[in-house]
1. Translational diffusion coefficient, Stokes-Einstein: compute it for the range 154-297 using the Kirkwood radius over C-alpha pairs as Rh, at 37 °C and 0.692 mPa s, and state it as an integer in µm² s⁻¹.
2. What is the magnitude of the charge dipole of the range 191-325 about its Cα centre, with +1 placed on the Cβ of each Lys and Arg, -1 on the Cβ of each Asp and Glu, and no other charges, expressed in debye to the nearest 20?
3. When the chain is fully extended, how far beyond the present Cα-Cα distance does Ala311 get from Leu45, taking 0.36 nm per residue of separation?
4. Of the listed peptides 108-114, 255-261, what is their order by residue-averaged count of other C-beta atoms within 10 Å, with the highest listed first?
5. Find, among the GluC sites (Glu not before Pro) in the range 185-242, those assigned to loop by DSSP (not H, G, I, E, B) with at most 11 other beta-carbon atoms within 10 angstrom.
6. Over the range 237-277, calculate the relative contact order: mean separation of alpha carbon pairs under 8 Å at least 6 apart, over the residue count, as a percent.
7. Using a 7 Å offset from the Cα along the Cα-to-Cβ direction at both Thr261 and Thr319, what is the distance between the two label points in nm, to one decimal?
Amino acid sequence: MKQERSLIDGCQIYPHGTDPPHPRNKRNRPRPFRRLACLVLSAALFGGVAAGAFYGVGRLLPQAEGTDSGTAAASSGTVVTSLASTSYSSTRYGMDVSDIAAAALPSVVAITNISVQEVRSYFNRFGPNGGQAQLQETTSCGSGVIIANDGTYLYIVTNAHVVENATTLSVSFVDNAVYEAQLCGADEEADLAVLKVALSDLSNDTLSQIAVIAVGDSDALEVGEQVVAIGNALGYGQSVTTGIVSALNRSLTNENGTTSTYIQTDAAINPGNSGGALLNLDGELIGINTAKLSDTDVEGMGYAIPISDVADLIAQLMTQTTDLSGTSSNTAQQSGWMYRPAV
């Protein structure tokens with residue numbers, strides 16, 4: 001009678017008195033060794049094909065200059081990093097606008113100019129000689145930038161038209177503390193002026209929050225470079241706008257007939273921004289915002305004085321002293337498409 005065997009849960013059970021097959025039986029040789037051998041051979045074959053493909057691609061592509069020196073350096077244990085060269089100019093990196101604002105706001109101030117001007121009453125202009133002129137106190141606002149600290153005074157650069165005809169000048173710092181300022185000197189043709197505030201007048205709290213601006217090189221500016229403008233727009237307090245350098249060395253003739261060259265930008269320059277800071281992406285001062293073209297057909301044409309062009313003049317104005325006593329008139333007014341100071 002034939003011997004029977006059964007399979008229970010994957011295990012073979014042989015009838016009593018029957019020995020299992022000898023382990024050398026080829027039909028019952030363990031199969032994992034065969035699978036392992038196949039995997040090893042497949043990996044070796046794949047690796048050979050991949051190596052051959054990379055070698056072929058490497059031979060087809062042009063070899064970069066300096067390969068020999070790079071190979072020699074690699075063989076000596078030195079790590080060599082090669083940078084692909086392009087025909088483009090080097091990319092300029094810097095802070096983002098929020099970083100620039102945080103760094104520069106402690107250096108920008110709001111300036112209040114109280115002056116006395118001659119005005120003519122509308123109701124009296126039809127009287128004898130056109131009516132009697134009267135003196136009236138007026139207030140205007142502008143901006144300024146802390147440019148230096150000599151240990152005794154803080155020096156603040158602004159526009160000459162911001163301090164024009166002033167009888168009293170005051171400065172509001174980043175902590176909103178207001179202090180009286182003295183006029184050092186002003187140059188109407190360049191439209192620049194320098195104020196100073198005694199350090200001894202400032203509170204410790206104010207001193208801990210203000211800073212001298214970092215000055216950059218306006219000669220290194222490029223058209224299309226991003227810039228940031230900070231100033232006391234409309235007298236509401238410091239505000240930040242951004243744009244690009246629209247043009248360099250832009251000639252413009254002001255109301256006094258003086259022609260100068262400016263940085264043109266599409267960053268918003270509004271009344272009150274005069275004397276404020278124009279900054280590059282490194283947060284450095286590269287211009288003093290001074291004017292805009294004003295007309296219903298004009299948009300985004302603001303102008304700043306290049307800081308590198310007036311560095312020597314600013315240093316000279318810092319050494320001067322101006323007495324604010326006395327009054328003068330300033331009743332000129334124009335409209336239409338014109339160079340209009342942003343004050």
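1. 203
2. 220
3. Values: separation 266, 0.36 × 266 = 95.76 nm, distance 7.22 nm.
That works out to 88.5 nm of additional length.
4. Result, highest mean Cβ count within 10 Å first: 108-114, 255-261.
5. Those that pass, being in a loop and sparsely packed, are Glu222.
6. Dividing the mean separation by the residue count of the range 237-277 yields 40 percent.
7. Going from the Thr261 label point to the Thr319 one covers 2.6 nm.
No lab work stands behind these numbers, since they all come straight from the coordinates. Keep in mind the model is a prediction, meaning the values are calculated, not measured. So basically every Cβ, Gly included, is an ideal-geometry build from the backbone, and we count neighbours across all protein chains shown.
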